[in-house]
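Quick notes on the structure that follows.
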Amino acid sequence: MFGITPAHAAGESIDAVTPDVTYTINPGQYIIFSFKWVCNGGLSGPYNEPVTGTPYMGGQLSPYNGLTATLSPNPGTSNVDTESLTITAANNAVPGTYPIVVDGVGNPAEPCPTYTYPQFPQTLTLVVQGATVTINSADLVGNNITVTTQGGSGTSGTLVLTAHGASNTVTASANNGAAVGPGTYHISLDRPNIPMDTYTTITAQWNWNATNPATTTYTLSPSWVVYGLVRHSQYNTPVESACTPGTETAYVVDSNCTFTQTTLNTNFAKQVYVNGTGQSSSYGILKYIGTACGPLSKFPAGATKKNSFLKVSAVTGSCGTALQPGISEATYPNPKVKRECGDNRVLVTSTNANEAIKSADDYCPDCRKDFNGTDGHIDNYVSSQACSANAVGDLGNFWTANTNHGSH
Amino acid sequence: MTTFYTSPEKVMKSAYQAFVAGAIIAATAIAPAWAQDVSASSVQVRVSDGSFHPDHQQAISYEDQDVVLKLLQESGKSSVQIDWTGRPRREVTVPDEIAQVDSIQRVVNERALLLGHVNASVSAVMVLDLKSGSVSDYFMASDPAMSPDSHFLAFVRFYPPHSVDGVEDQYRLYDLSKTASENRPLLTGKASDDTDNVGQPVYPADTGEASRENTGVAEDQAHRLTSQGFFWASNSRRFIFADEHSGRVALVMVGVEGSGRVTAKAADISRLCPASGCEYLSVDKVIYTAAGITIRAKSLHPGEPDKSAHIEFSKLAAVK
């Protein structure tokens with residue numbers, strides 16, 4: 001601990017502690033004000049006065065908020081002249097502005113008419129400056145956490161961020177772990193190595209003082225739901241014009257469940273059946289009929305669930321919205337049921353670059369499994385103009401996180 | 001004997017391991033990253049790694065003391081070459097809609113089982129008659145898992161994976177020793193070419209499977225598989241899976257007799273559901289012991305702890 005002694009001589013402190021003068025110290029420092037209470041008149045003429053009483057700190061008895069004020073020598077223990085006031089800010093002193101009041105009494109045996117320096121109560125203003133750190137924003141997609149440090153000139157220390165999950169913590173530092181001074185910093189995370197977890201807070205610690213670092217906690221709202229390394233498979237809407245030649249009898253069914261016999265490409269019909277939808281050459285988008293028009297017994301003769309297809313206006317996912325190639329993805333559980341429709345997921349490469357930002361728009365029952373050694377499985381809708389899935393192999397394995405979970 | 005299956009990706013491999021009658025399995029050191037060689041005694045099998053890359057079909061093969069099965073590809077067409085010692089070489093065409101072949105292996109009754117994918121979500125199952133060099137059955141499914149003795153295939157009945165409302169997982173069993181027609185007990189007439197409604201229903205028993213659809217099912221009525229596939233016991237007499245229905249999860253044990261007759265028992269394990277909901281529960285490890293089953297239930301929602309439980313066989317109640 002080190003101290004500051006205002007530049008004034010004993011007995012002149014009245015000038016130094018006038019209320020309009022503010023003194024500033026940091027936690028871990030102390031400040032000494034030299035006082036001599038000189039009694040004018042009275043029984044013994046001018047004399048130095050022992051003073052008793054307890055300084056008030058911000059309206060509270062000392063000690064308060066890590067600040068301690070003492071008169072020295074302590075008149076309460078030895079009847080000697082009081083010559084100084086020392087204010088000590090502990091390492092954990094709370095930054096702020098404190099009016100300090102020395103509200104003492106003189107020697108009751110020799111009542112003093114007036115004091116030369118100073119009169120009671122004596123007041124001064126002390127600012128405990130300290131250092132602060134603030135997390136301004138946290139953007140996982142942009143991989144940018146903005147942090148501001150504030151403190152006196154010369155204040156410096158390492159700045160460390162920690163993201164807190166239910167069972168994992170992840171750290172990152174400004175300036176590659178070297179000390180930084182007051183300023184604003186943009187810190188990125190090593191996203192591919194953030195483990196699967198739900199992260200709810202980020203703490204920042206600015207180690208400007210070894211025993212009293214500045215800290216702050218930032219609440220992530222919504223939380224970052226990190227799925228870890230995820231297998232991303234792909235699916236498309238098969239296109240009839242891309243299928244090899246060959247036709248078969250089929251039925252196109254409108255929204256009134258009117259069956260119209262026609263012909264469709266044989267391979268295309270198979271692909272609509274195994275994928276769920278298809279882009280036909282003559283009837284627009286066709287969809288697996290399922291139970292939309294009642295049981296098979298209500299179908300016309302020759303119509304089956306494999307050769308009867310509903311005409312629809314758009315390829316929609318379980319969320320009821322049109323699927324967007326390259327953006328929409330299908331997840332498990334059903335995003336509609338879990339109120340995750342439209343949740344954004346960022347896909348990140350092993351080199352920490354963004355691969356894509358996707359939207360949960362569809363259900364993928366199969367994605368409960370087939371992780372292939374990763375932490376999860378998501379199916380991605382693509383625009384491949386192919387007849388089958390032969391052209392839509394896996395997109396790859398990417399670190400994946402949901403950045404607005406449950407905010408819809 | 002205790003069987004410990006560690007992951008769904010390994011179910012097929014584990015089934016094969018058991019098939020080779022307890023012989024020591026060793027991955028070939030020179031196996032490329034995209035394929036897995038499994039070798040034991042006189043049997044050599046190469047299966048895919050489970051990822052879906054139809055434009056990079058992996059080399060798939062099977063070989064034992066009697067037969068060599070090899071996937072061939074030419075001009076975008078796939079076929080299986082059958083070389084049975086002392087018999088003429090035969091070749092069986094793989095249907096076009098099978099975009100990727102994942103494994104071929106010999107099963108019971110001089111048959112072979114080909115497993116593949118028609119897309120990233122739907123599996124294709126093709127049963128080959130090795131004697132005649134023909135396809136004896138072909139259908140689509142999800143989560144096919146063969147019994148260690150290569151006699152049965154547990155699977156989820158096919159439904160289109162996308163843009164279909166109200167899908168339900170219906171659990172089926174296929175007897176690889178039987179014909180296509182015999183494996184379609186719910187259908188009448190000319191049914192052996194049905195690629196959808198295949199297999200014997202195993203759970204639940206009272207759903208009226210013969211007429212029950214697996215699409216258009218109300219959300220609160222639908223059954224959903226909540227385990228990482230099916231977990232067979234090493235003796236092939238039972239398998240385990242977890243089923244979520246109406247917000248509850250049941251651990252289901254299906255007993256399988258040699259004749260193919262099945263009996264299902266179940267125990268409620270909803271207490272293992274994570275805070276985020278039973279939909280997120282996923283049983284990913286099963287250990288069979290003499291008296292019961294130890295399971296691990298993971299949460300698919302990040303940040304929630306795993307749970308485990310031991311269920312005594314005596315606590316499993318018959319499913320009516």
| message | Let me confirm one metric for peptide A:367-379, namely the mean number of other chain beta-carbon atoms within 10 Å of its residues' beta-carbons. | response | 6
| Mean Cβ neighbour count within 10 Å, used as a protection proxy, ranking B:247-255, A:218-226 highest first | B:247-255, A:218-226
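Quick one: putting +1 on the C-beta of Lys and Arg, -1 on the C-beta of Asp and Glu, what dipole do you get for region B:169-320 around its Cα centre, in Debye to the nearest 20?
Taking the Cα centre of region B:169-320 as origin, the dipole is about 580 debye.
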| query | By average Cβ neighbour count within 10 Å, what is the ranking of A:370-378, A:131-139, B:105-113, B:155-163 from highest down? | reply | B:155-163, A:370-378, B:105-113, A:131-139
| query | Mind checking the mean number of beta-carbon atoms from other chains within 10 Å of the Cβ atoms in A:383-392? | reply | 4
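Taking every DSSP beta bridge with both residues inside region A:326-375, roughly what % is antiparallel (nearest 5)?
Antiparallel: roughly 55 percent of the beta bridges in region A:326-375.
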| field | Residue-averaged beta-carbon neighbours from other chains (10 angstrom radius) around B:49-59 | value | 4
| Span from the region A:350-400 Cα centroid across to the region B:290-320 one, whole angstrom | 30
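Pairs to check: A:Lys336/B:Lys285; B:Lys178/B:Lys285; A:Lys369/B:Lys298; A:Lys336/A:Lys358; A:Lys306/B:Lys265; A:Lys311/B:Lys77. Give those whose C-alpha atoms are more than 23 Å from each other in this structure.
A:Lys336/B:Lys285; B:Lys178/B:Lys285; A:Lys306/B:Lys265; A:Lys311/B:Lys77
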| message | Considering only C-alpha atoms, what is the centroid distance from region B:139-177 to region B:46-102, in Å? | response | 21
| Inter-probe distance in nm under a simple model that places probes 7 Å from Cα toward Cβ, at A:Asn144 and A:Thr125 | 3.8
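Given the peptides A:158-171, A:267-280, arrange them by the average over their residues of other C-beta atoms within 10 Å, most packed first.
Values: A:158-171: 17.9, A:267-280: 25.4.
In descending order of packing, they fall as A:267-280, A:158-171.
Bear in mind that the values in this text are calculations on the coordinates, not laboratory data. Because the structure is a prediction, the values reported are computed rather than measured. Because the Cβ atoms are built from the backbone with ideal geometry, glycine has one as well, and the counts that use them run over all protein chains shown.
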